[in-house]
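Asks: Attaching a single structure in structure tokens format; questions to follow.
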Amino acid sequence: MFQKLDLSNDEIAQEVYRIQKSAYLIEAELLGTDEIPPLQESYESLQAVDELFIGSYHDSKLVGILSYKIEGSTLDIYRLFVDPRVFRQGIGRQLLDYVNQRHSECKKMIVSTGHKNLPAIQFYTKHGFEKESEVILSENLTIINFIKKI
């Protein structure tokens, strides 16, 4: 089941924050750095973002989150993460499909991930995204930008 998440609700925001930290800690290990913005983000900062959040629930538990913004005809995915306890069960794909269907007016989707995050790179490539560019953010972190025309 998918549901819009209201991060002004402390209970929901705390669960999103917990899952975000645990998921991005794994990405940090893959990248060899903890300079990932979601790991540096405070709870208060998370609650203040102006992204739209969608949650995936299984057995009444929040297990996956996708946040995004619509900019013109572009669906810009800011975050896509899944509780590590349920990795590789199709939750990320289901969230992508749900948001894509919900915003069928969009012409393209964009997303970024760390250049050493091979599972994420394979995931996005498998789901029709193409590498658009690479950006060096710091000595320890390079980001790959992906695009998918829809």
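Values in this text are rule-based calculations from the coordinates and carry no lab data. Fair warning: this is a prediction, and the values are worked out from it, not measured in the lab. Counting neighbours? That spans all protein chains shown, and the Cβs are built from the backbone with ideal geometry, glycine included.
Asks: Just to be sure I understand, how many residues within the stretch 16-33 are in contact with a strand residue (DSSP E or B) (Cβ under 8 Å, 6 or more places away or on another chain) and part of a helix (DSSP H, G or I)?
Replies: Count: 8.
Asks: In the stretch 1-15, what residues are part of a helix (DSSP H, G or I), under 12 Å from residue 64 (Cα atoms) and in contact with a helix residue (DSSP H, G or I) (Cβ under 7 Å, 6 or more places away or on another chain)?
Replies: Those that are part of a helix (DSSP H, G or I), under 12 Å from residue 64 (Cα atoms) and in contact with a helix residue (DSSP H, G or I) (Cβ under 7 Å, 6 or more places away or on another chain): none in the stretch 1-15.
Asks: Now a separate question. So which strands (runs of 3 or more DSSP E) stay within the stretch 51-150 end to end and still have 2 or more residues that are buried (at least 17 other Cβ atoms within 10 Å of the Cβ), in contact with a Gly (Cβ under 6 Å, 6 or more places away or on another chain) and among the acidic types (Asp, Glu)?
Replies: Ranges flagged: none.
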